[in-house]
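Please read the structure below before turning to the comments.
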């Protein structure tokens, strides 16, 4: 039978020490995972609460936008009335000047047409 090569003086591996070290590493990793999961759950809760507070804010924005649109419409209406009143006043002034200058009502009507 052939002879085996190499040294036969191998140190026996300390399996208990290796198992203990790996179990310690495993415990540290599990602790890190549990902390990360807890942080994720906390962030999910924060997101839910922020979403709930966002809904009334969006509703308030819509309400304010409607109010702005209503006020802009009122402003445009008031401006239109003011322009109409200015035109009417200008027409009345012109009519008074024309009447004062001696034009008859028929001549004024003909000029307006």
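No value in this document is a laboratory result; all are computed from the given coordinates. Note that this is a predicted model, so its numbers are computed, not measured. Cβ coordinates were reconstructed from backbone atoms using ideal geometry, including for glycine residues, and neighbour counts include every protein chain displayed.
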Mind pulling the angle between the C-alpha long axis of helix 15-100 and the longest principal axis of the chain? Nearest 10 degrees, somewhere in 0 to 90.
0
GNM on the chain, C-alpha springs below 10 Å: top fluctuator among 49, 101, 34?
101
Convex hull over the alpha-carbon atoms of the range 18-71: what's its volume per residue in Å³?
44
Label-point separation, residue 76 to residue 93 (7 Å along Cα→Cβ), nm
2.9
Footprinting exposure proxy for 95, 109 (fewest neighbouring C-beta atoms within 10 Å first):
109, 95
